[in-house]
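J.: Would you mind keeping the following structure in view while I ask a few things?
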Amino acid sequence: MKTIKCNLLIIGAGPAGLAAAIEADRLGIRDILLLERNDELGGILQQCIHDGFGLQRFKEQLSGPAYAQRFIDEIKQSNVEIKLRTMVIELHQDKSCYAINSEDGVLEIHPQAVILAMGCRERTRNQVFILGDRPGGIMTAGTLQRYMNIEGLIPGRKAVILGSGDIGMIMARRMKLEGIEVEGVYEIMPRPGGLQRNVFQCLQDFDIPLHLSTSVKSTHGKYHLEGVTVVAVDENLKQIAGTERFIACDLLVLSVGLIPENELSEMAQIPISTVTKGPVVDNNLMTQVDGIFAAGNVTSVFDLVDYVSASGETAARGAANYIREEKQSATSIDVLAGKNVTSLIPMKYRKNGQALELYFRSKSIIRAASVHIMQQGQEIYKRKFQIVRPEEMIKLQLKADLVAAINPRQAITVEIRENGRVSDE
Amino acid sequence: MNKREFTCISCPLGCHLELTESQGSDLPEVTGNLCQRGIDFAREEFRAPRRVLTTVVSISGSNSLLPVISAGPIPKEKLLACLDYLKRIKVKTPVTAGDVLVENILETQVSIVAAKTVE
């Protein structure tokens, strides 16, 4: 077995891992090893051929592969060592790691620091409780996306989509453009799960109906899918008897949410948040295990790839300081999600003299909202928003001078207040 | 008075735009936007809607596909015809992200460019 020692090990070469590797290299860290299980760099971006990526970072709307290409071009100029087709099979709390590929066999790796950048995976039918047969023709939106955009396959003639997440809506348009009939998008919640602009440009543009408060009850077909039964749900998401409707189709596409992929984190006994489903992290994106950092969708499912790549850079800076044993506060304080706030990143704050970036969601739609960051009843920061929605992640940056006012011994709380009426739109 | 509603697709915020066309005024009025892009989008959407086109094209002598994007938005009614055209072309490698593959596709004044580098 080959043994490798390195300064920084990065697991996953999607936008978080690529950005982290480039930033760590730029900061002068040497012996960076980037492992990727796929046969190319870029992660899921390579199958996201639609546009809309990179408005914040590059001030233009790139497609997924083009966004990835910018980072790939850059990393090729760097000193980062890349291993493709390499699967990490074990990660331990002492940061030792085992990986496997067909060239090296099993690799034993001993890094100074690790950045987890494994991304997320899609929820499947097993997690949304659909009754009935288990025939072919039922797949997640991401699988369909890979079939159509990478493999060049057309896996059906008539599709039903369950869930109105962004990928589901984007695939509705993609199928329509490739000649697959899209009967409709069914959403169990009373409002769409993805961005309004995708309702507009992916569904309305192509006259694809969106059925809210409706779900798929069961699937039918012995070998291949022959149809699904949809059913209306009440305000408690309970199915309403008598509203069932059969739809003949040969493709059921699931766009029912994403979950951070943390098998390796769990193996290394890294504490996982029950809210974000990712590791509990501080403002350097270090997990509760010293020297192991987490970036991108493995931490929390981010809305924008620009947030993902930015988090990669934050983790790289944290890892660089850790490797150089630079001074930072040994103690951390809690960053708490207060009223109306959920999915807050980071959950811990360690004073490091740098600006503090916060990512979170509102629990409900609130008009004329204001975000307050409080410590012991004192307001450290306040910002107003015309409207906040659960499906749109909020990013705030507290400049270094504001951060200096934080007492390093008391928890801080982020809350959203309603200054106007609450709308259920 | 002519009133129309749109969702802005210029950025993920997705502003809810309201456009009002009144007689005697050249440019329709737009409300609900948070920036200038919203005004521009609503006026164009009202006059002649355009969309960015993305798809994949074949690569000569390979089973891999090349993702492509239109360099700018294409008139909506020409999207399907452009897509059809792109289904029939084969691209030679090597190709670099940003390379123009089809210039002025179907007289739209918009080029189709590679979104990815393939060596």
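The values are calculated or read from the model by the stated rules, or taken from the named source; none is laboratory data. In this text the structure is predicted, and so the values were computed from the model without any measurement. Don't worry about glycine lacking a Cβ; one is built from the backbone with ideal geometry, like all the others, and counts go over all protein chains shown.
J.: For the range A:287-312, which positions are closer than 19 Å to A:Cys6 by Cα and outside any loop (DSSP other than H, G, I, E, B)?
T.: A:Ile292, A:Phe293, A:Ala294, A:Gly312
J.: A follow-up question, please. Given the residues B:Cys11, B:Cys82, which is the only one that is part of a loop (DSSP other than H, G, I, E, B) and within 13 Å of chain A (Cβ to nearest Cβ)?
T.: Exactly one residue qualifies, and that residue is B:Cys11.
J.: Additional query: Output the residues belonging to the range A:190-210 that are away from every other protein chain (no Cβ under 14 Å) and either on the phi > 0 side of the Ramachandran plot or crowded, with 16+ Cβ neighbours inside 10 Å (or both).
T.: Hit for the range A:190-210 is A:Ile208, nothing else.
J.: Shifting gears a bit: What are the residues in the range A:386-405 that are more than 14 Å from chain B (Cβ to nearest Cβ) and crowded, with 19+ Cβ neighbours inside 10 Å, if any?
T.: Within the range A:386-405, A:Leu398, A:Val403 meet the criteria.
J.: Please go through (1) without any contact (Cβ under 8 Å) to a residue 12 or more places away in the chain; (2) over 23 Å from A:Asp51 (Cα atoms) for B:Asp84 and return the number of the only condition it doesn't satisfy.
T.: (2)
J.: Report the residue count in the range A:50-69 for those that are in contact (Cβ under 8 Å) with a residue 60 or more places away in the chain and out of contact with any Leu (no Cβ under 9 Å at 6 or more places or on another chain).
T.: 2
J.: Right, another one. Could you grab me the full set of residues in the range A:181-208 that are touching a helix residue (DSSP H, G or I) at 6+ places or on another chain (Cβ under 7 Å) and either free of Cβ contacts under 8 Å to residues at least 12 places away in the same chain or not in a helix (DSSP H, G or I) (or both)?
T.: A:Val182, A:Val185, A:Pro192, A:Gly194, A:Leu195, A:Ile208
J.: One residue is enough: does the range B:65-83 have a residue meeting the conditions under 23 Å from A:Glu151 (Cβ atoms), more than 15 Å from the chain's Cα centre (by Cα) and surrounded by fewer than 16 Cβ atoms within 10 Å (Cβ to Cβ)?
T.: The answer is no, given that none of the residues of the range B:65-83 is under 23 Å from A:Glu151 (Cβ atoms), more than 15 Å from the chain's Cα centre (by Cα) and surrounded by fewer than 16 Cβ atoms within 10 Å (Cβ to Cβ).
J.: I'd like to check which strands (runs of 3 or more DSSP E) are fully inside the range A:315-425 and have at least 3 residues that are in contact (Cβ under 8 Å) with a residue 40 or more places away in the chain.
T.: By residue number, A:333-337, A:341-345, A:356-362, A:366-375, A:394-398, A:412-418.
J.: Then there is this: Would you check if there is a residue in the range B:61-69 being facing chain A (nearest Cβ under 10 Å), polar (S, T, N, Q), more than 19 Å from A:Ile72 (Cβ to Cβ) and assigned to a loop (DSSP other than H, G, I, E, B)?
T.: yes
J.: Mind checking which pairs have a first residue in the range A:246-258 that is not assigned by TED's automatic domain parsing to the domain that holds A:Arg134 and among the aromatic types (Phe, Trp, Tyr) and a second that is in a loop (DSSP other than H, G, I, E, B) and surrounded by 24 or more Cβ atoms within 10 Å (Cβ to Cβ), Cβ under 9 Å, 6 or more apart or different chains?
T.: none
J.: For the range A:138-172, what are the residues that are hydrophobic (A, V, I, L, M, F, W, C), touching a residue at least 24 places away in the same chain (Cβ under 8 Å) and assigned to a loop (DSSP other than H, G, I, E, B)?
T.: Selection gives A:Ile154 alone.
J.: What number of residues in the range A:214-256 are assigned to a loop (DSSP other than H, G, I, E, B) and either surrounded by fewer than 17 Cβ atoms within 10 Å (Cβ to Cβ) or of a type in the set (Phe, Trp, Tyr) (or both)?
T.: Number satisfying all stated conditions: 13.
J.: Being surrounded by fewer than 18 Cβ atoms within 10 Å (Cβ to Cβ) and in a loop (DSSP other than H, G, I, E, B) is the filter; apply it to the range B:49-60 and report the residue that is nearest to the other protein chains (Cβ to nearest Cβ).
T.: Among those residues, the one meeting the criterion is B:Pro49.
J.: Quick one: would you say A:Arg157 is out of contact with any helix residue (DSSP H, G or I) (no Cβ under 6 Å at 6 or more places or on another chain), modelled with pLDDT under 95, basic (Lys, Arg) and surrounded by fewer than 23 Cβ atoms within 10 Å (Cβ to Cβ)?
T.: Here the answer is no, as A:Arg157 does not meet what is asked.
J.: Determine which member of the set B:Phe6, B:Phe46 is out of contact with any His (no Cβ under 6 Å at 6 or more places or on another chain) and within 10 Å of chain A (Cβ to nearest Cβ).
T.: Every option except B:Phe6 fails the conditions.
J.: So which of B:Ala115, B:Ala97 ends up being within 11 Å of chain A (Cβ to nearest Cβ), modelled with pLDDT of 95 or more, surrounded by 14 or more Cβ atoms within 10 Å (Cβ to Cβ) and over 26 Å from A:Ala172 (Cα atoms)?
T.: Only one candidate qualifies: B:Ala97.
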